[in-house]
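First the structure, in the form of structure tokens, and then the observations on it.
The values are calculated or read from the model by the stated rules, or taken from the named source; none is laboratory data. Quick caveat, the model's predicted, so the values are computed rather than measured. Using ideal geometry, Cβ is built from the backbone for each residue, glycine included, and neighbour counts are taken over all protein chains shown.
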Amino acid sequence: MSSNSFGKLFTVTTFGESHGPAIGCVIDGCPPGLAIDESEFRTDLDRRATGKSRHTSQRREADDVEILSGVYEGKTTGTPIALLIRNTDQRSKDYGDIASTFRPGHADYTYWQKYGIRDPRGGGRSSARETTMRVAAAVIAKKWLAERYGVRVRGYLAQLGEIAPEGFDWEAVEQNPFFWPHAAQVPQLEKAMDALRKSGDSVGARVNVVADGVPPGWGEPIYGKLDGDLASALMSINAVKGVEIGDGFAAVAQHGSQHRDEMSADGFASNHAGGILGGISTGQAVIASMALKPTSSILIPGHSVNLAGEPVEVVTKGRHDPCVGIRATPIAEAMMALVLIDHALRHRAQCGDVGEVKPRLP
């Protein structure tokens, strides 16, 4: 099985390559009757898009969504929804010099070993261009979750290299190209990125994503844990090398008396668990974090080999992000939303007649 699909009841299958004629996805299992039109995809696709500032890749795609099926008279029909986005700004010639070499830190070598053939143009299927369709699919998921349960999924850039937020304001996140939660630090980030771009190097990042309004009870107790599926979904994003739920690895240094989230009639005293216990949501905010590696496509020469196994020097030209984490917030939100809608439907299918169980903590 090629594993280009994810989800059990709300299933998303993506297709297409970075420099192919188009990218797309098929969404199966979307509940019928949800009002949706092509204009609703614009906001989140623009948030993910390249070329919005000098700090990201200057590739500029229109990212216009075509709804090919599954929607009639502006509402979902319950049948598969096919979405298509045509690629309009490819520069495949930038990759001519690396067609016979393996870029260090990229999937070139592993794709070659797996398939015996690879598309070198922009990374082909391994390009972050594929995540555009995840964001598009999640527009539908976010809307259904908000209308049905009042769930809101938001994310922000929590660290860029060694720089961490010195304050936090959700309102600031959407007011700058970094999705940074502290407006006063934006000039510092711009200065750091300008220096990084001038050096030809790159840096890693951390993105946090939070879902508010998730009811208690979503998830499975053993296989199909909510946190397990969420970790898998976030890890599937290009360049992600680590995922944390709640306090994550900070729990290593904590004591049980500190980490456990004590309860009272007024609710939970803390949320070190990230809103998930035993693989099932607690009703608190679901919190996850992902670490993204530094971009491997850089101008600094690196050592590698070609198809004949001969040593070569590689310089990756083209339009690349000095920090892929800058554009990763909408992608993290998308994967969180897609996991949540799948678990919401799974919970409804098995336990929809259970009703509200007391006590339910606020």
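Some values worked out for this structure:
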read-out	value
Identity of the residue in segment 130-172, over 14 Å from residue 43 (Cβ atoms) and of a type in the set (Val, Ile, Thr), that ends up modelled with the lowest pLDDT	131
Every pair of residues 6+ apart whose Cβ atoms lie under 9 Å, when the first sits in segment 12-39 and is under 19 Å from residue 338 (Cβ atoms) while the second is part of a loop (DSSP other than H, G, I, E, B) and modelled with pLDDT under 95	13/4; 14/4; 15/4; 16/87; 23/17; 23/87
Residue in segment 136-150 that is within 29 Å of residue 28 (Cα to Cα) and of a type in the set (Val, Ile, Thr) present	yes
Answer residue from segment 277-300, given it is within 23 Å of residue 239 (Cα to Cα), at pLDDT 90 or above and surrounded by fewer than 22 Cβ atoms within 10 Å (Cβ to Cβ) and is farthest from the chain's Cα centre (by Cα) among those	294
Residue within segment 179-192 that is at pLDDT below 95 and within 18 Å of the chain's Cα centre (by Cα) present	no
Candidate set: segment 85-107, residues that are of a type in the set (D, E, K, R) and at pLDDT below 90; chosen: the one farthest from residue 334 (Cα to Cα)	97
Qualifying residue in segment 232-244 (condition: of a type in the set (Asp, Glu), crowded, with 17+ Cβ neighbours inside 10 Å and without any contact (Cβ under 8 Å) to a residue 24 or more places away in the chain)	no
Residues being of a type in the set (A, V, I, L, M, F, W, C) and farther than 20 Å from residue 210 by Cα - total across segment 255-307	7
Close pairs from segment 144-168: first assigned to a strand (DSSP E or B), partner surrounded by fewer than 16 Cβ atoms within 10 Å (Cβ to Cβ), Cβ under 7 Å, at least 6 apart	152/146; 152/212; 152/213; 154/170; 163/188
Count of residues meeting criterion [crowded, with 24+ Cβ neighbours inside 10 Å and either basic (Lys, Arg) or in contact with a Ser or Thr (Cβ under 6 Å, 6 or more places away or on another chain) (or both)] in segment 327-362	2
Residues of segment 205-215 satisfying the condition of being assigned to a loop (DSSP other than H, G, I, E, B) and either of a type in the set (Lys, Arg) or surrounded by 18 or more Cβ atoms within 10 Å (Cβ to Cβ) (or both)	214
Every pair of residues 6+ apart whose Cβ atoms lie under 7 Å, when the first sits in segment 252-266 and is in contact (Cβ under 8 Å) with a residue 12 or more places away in the chain and surrounded by 10 or more Cβ atoms within 10 Å (Cβ to Cβ) while the second is assigned to a helix (DSSP H, G or I) and not β-branched (Val, Ile, Thr)	259/251
Flag if residue 33 is more than 18 Å from residue 229 (Cβ to Cβ), at pLDDT below 90, surrounded by fewer than 19 Cβ atoms within 10 Å (Cβ to Cβ) and touching a Lys or Arg at 6+ places or on another chain (Cβ under 6 Å)	no
Qualifying positions in segment 251-276 - more than 28 Å from the chain's Cα centre (by Cα), part of a loop (DSSP other than H, G, I, E, B) and either among the polar types (S, T, N, Q) or at positive phi (or both)	254
Count of residues meeting criterion [of a type in the set (Gly, Ala, Ser) and assigned to a helix (DSSP H, G or I)] in segment 303-362	6
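So that you can scan it fast, the table gives a plain yes or no per residue for (1) among the basic types (Lys, Arg); (2) modelled with pLDDT under 95; (3) surrounded by fewer than 18 Cβ atoms within 10 Å (Cβ to Cβ); (4) under 25 Å from residue 313 (Cβ atoms):
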{"residue": "57", "(1), (2), (3), (4)": "no, yes, no, yes"}
{"residue": "60", "(1), (2), (3), (4)": "yes, yes, yes, no"}
{"residue": "66", "(1), (2), (3), (4)": "no, no, yes, no"}
{"residue": "69", "(1), (2), (3), (4)": "no, no, yes, no"}
